[in-house]
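To start, the structure under review is shown below, and the notes come after it.
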Amino acid sequence: MIISIVKFFDSGDGDMSYIYHNSDNFSIIDCNLPDDYFDRNKILDELEEKESKKQIFRFISTHPDEDHFHGLKDINNKLDIINFYCVKNDVNKEDITDDFKEYKKLRNSSRTFYIHKNATRRWMNMSTNKIGSAGINILWPDVNNYYFKEKFNEINNNDYASPNDISPIIKYSVKDNANIMFMGDIETDFLKKINDDVDWPSIDVLLAPHHGRKSGHIPYDILNKLNPKLIILGHAPSKDMDYYSNWNTILKNNSGDITLDCSGDFINVWVKNDEYTSNISFNNNENKNNLNLNYLGSIKVN
C-alpha cells in the first residue's frame with residue numbers, strides 16, 4: 001500500500017512541515033531550520049532522501065517571515081527548488097537576512113507559481129497519465145477580495161507591517177483518507193472579515209495558525225465548520241497560547257516532531273518524544289506501519 005506521510009517538525013518558534021505524498025510528489029511547507037550545524041544537516045539529509053524518491057518537488061511558502069523561511073538558502077542549495085509556491089507580494093523588510101534574500105530571489109524568479117483561491121496546476125491538484133495529483137487545493141486568498149487587497153496594499157507599502165494576513169489557506173487531501181489544513185500565520189481579526197468568503201470544509205487535522213497563539217485563534221463558527229479531529233499547536237509563551245480547550249490537541253513543544261501516516265481508513269499518529277503521552281481517545285490500528293516512533297494511536301477517517 002502506498003501511504004502518505006505528513007511530518008510537522010518541532011522547529012522552535014517557527015513552522016516547518018513536509019508531505020511525502022502517495023503520488024509521485026514531495027512538498028515542503030515553510031521551513032525553520034535549527035542553527036546547530038549537526039541538527040540542521042540531519043534535517044537537510046532527511047529532506048534530500050525523501051525528495052530523491054519523487055519526481056515532483058515543490059516548496060510552499062505561506063508568507064515572508066523569518067520563522068517560516070529560516071534555512072531556505074540551505075534547502076535551495078541542497079535540493080534545488082524548481083517549483084516555489086507563494087502568494088504574490090512585494091514585501092520588503094528592514095532586516096535583510098540571507099534567507100530573506102533567497103526568498104526574494106525565488107519569489108521574483110521564473111520558478112515561482114503564485115497561489116490563489118481555486119488555483120489549478122499540473123500535479124498540484126491535476127493528474128496526468130504518468131503522475132498523480134498532490135491533492136493540494138488553495139482555499140484562500142481571493143486576490144480580488146476587498147479585505148485582502150486592503151491588507152495586501154498595507155503590507156507591500158510598509159516594511160514594518162506584518163505579512164501574516166497574506167497567508168494562504170491550504171487543504172491537503174489524501175484520497176479516501178485525510179483532509180489536513182495549513183493556514184500560515186493568518187490572524188483572528190482578518191479571519192473574521194473573510195469568514196463568508198471562504199468555503200470552509202470539514203477536515204481531520206489542523207495546523208493551528210500563528211503557532212497556536214491567541215492572535216491566530218480561529219473564530220468558533222469557523223472552527224465548528226472545520227470540526228477537526230486533531231489540532232496541532234506550535235511554540236509560544238504560555239500567556240500567548242490558545243490551547244483550544246474542548247478540542248483534541250498535541251503541543252509540539254512537548255511531543256517533538258509529529259508524523260501522520262495516512263493509509264487505509266486511519267491517520268496513524270506518531271511523535272518523536274518517547275515519553276509523551278496523550279489523553280486523546282485514539283483508536284488502535286493493529287495494521288499500522290511501524291515507523292519506529294512513539295505511536296499515540298489512530299484517527300478513523302472512514
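The values are calculated or read from the model by the stated rules, or taken from the named source; none is laboratory data. All of these numbers come straight from a predicted model, not from anything done at the bench. So basically every Cβ, Gly included, is an ideal-geometry build from the backbone, and we count neighbours across all protein chains shown.
What to note about this one:
- Taking the stretch 15-42 as the range and being touching a strand residue (DSSP E or B) at 6+ places or on another chain (Cβ under 9 Å) and of a type in the set (A, V, I, L, M, F, W, C) as the test, the residues that pass are Met16, Ile19, Phe26, Ile28, Ile29, Cys31, Leu33.
- Test: Asp197 is out of contact with any Lys or Arg (no Cβ under 9 Å at 6 or more places or on another chain), of a type outside the set (A, V, I, L, M, F, W, C) and over 14 Å from Cys86 (Cα atoms): no
- The requirement of being in a helix (DSSP H, G or I), among the hydroxyl-bearing types (Ser, Thr, Tyr) and crowded, with 16+ Cβ neighbours inside 10 Å is fulfilled nowhere in the stretch 62-70; no residue meets it.
- Of all the numbered requirements in (1) part of a loop (DSSP other than H, G, I, E, B); (2) under 30 Å from Lys149 (Cα atoms), Asp196 misses one, and that requirement is (1).
- Within the stretch 108-147, the set of residues being within 16 Å of Phe57 (Cα to Cα) and either part of a helix (DSSP H, G or I) or small (Gly, Ala, Ser) (or both) comprises Ser110, Ser127, Gly132, Ser133, Ala134, Gly135.
- Restricting the stretch 265-302 to residues that are under 18 Å from Lys7 (Cα atoms) and either of a type in the set (Lys, Arg) or in contact with a His (Cβ under 9 Å, 6 or more places away or on another chain) (or both), the residue that is modelled with the highest pLDDT: Lys272
- Residue check, Tyr220 aromatic (Phe, Trp, Tyr), loosely packed, with under 13 Cβ neighbours inside 10 Å and at pLDDT 95 or above: yes
- Residue count, the stretch 132-167 (criterion: surrounded by fewer than 18 Cβ atoms within 10 Å (Cβ to Cβ), within 27 Å of Ile19 (Cβ to Cβ) and acidic (Asp, Glu)): 1
- Screening Asp95, Asp90 for residues that are of a type in the set (D, E, K, R), in contact with a helix residue (DSSP H, G or I) (Cβ under 6 Å, 6 or more places away or on another chain) and within 22 Å of Asn32 (Cα to Cα) leaves exactly one candidate, Asp90.
- Filtered residues of the stretch 244-281 (kept if surrounded by fewer than 20 Cβ atoms within 10 Å (Cβ to Cβ) and more than 17 Å from Phe8 (Cβ to Cβ)): Ser245, Asn246, Gly264, Asp265, Asp274, Glu275, Thr277, Asn279, Ser281
- Filtered residue count, the stretch 215-242, keeping only those that are out of contact with any strand residue (DSSP E or B) (no Cβ under 7 Å at 6 or more places or on another chain), in a helix (DSSP H, G or I) and in contact (Cβ under 8 Å) with a residue 12 or more places away in the chain: 6
- Residues of the stretch 23-35 include none that is among the charged types (D, E, K, R), in a strand (DSSP E or B) and either touching a Phe, Trp or Tyr at 6+ places or on another chain (Cβ under 8 Å) or modelled with pLDDT under 95 (or both).
- Tyr147 vs. criteria modelled with pLDDT of 95 or more and among the hydroxyl-bearing types (Ser, Thr, Tyr): yes
- Residue check, Ser298 over 19 Å from the mean Cα position of the chain (by Cα) and assigned to a loop (DSSP other than H, G, I, E, B): no
- Note on the stretch 183-194: residues that are out of contact with any Pro (no Cβ under 8 Å at 6 or more places or on another chain) and within 17 Å of Cys31 (Cα to Cα) amount to 0.
- If you go through the stretch 87-112 and keep only what is more than 19 Å from Asn158 (Cα to Cα) and buried (at least 16 other Cβ atoms within 10 Å of the Cβ), you end up with Asp99, Glu102, Leu106, Arg111, Thr112.
- Subset of the stretch 5-15 [crowded, with 23+ Cβ neighbours inside 10 Å and either charged (D, E, K, R) or more than 14 Å from Leu206 (Cα to Cα) (or both)]: Phe9, Ser11, Asp15
- Meets criteria (part of a strand (DSSP E or B), under 20 Å from Met16 (Cβ atoms) and touching a residue at least 12 places away in the same chain (Cβ under 8 Å)) for Ile186: no
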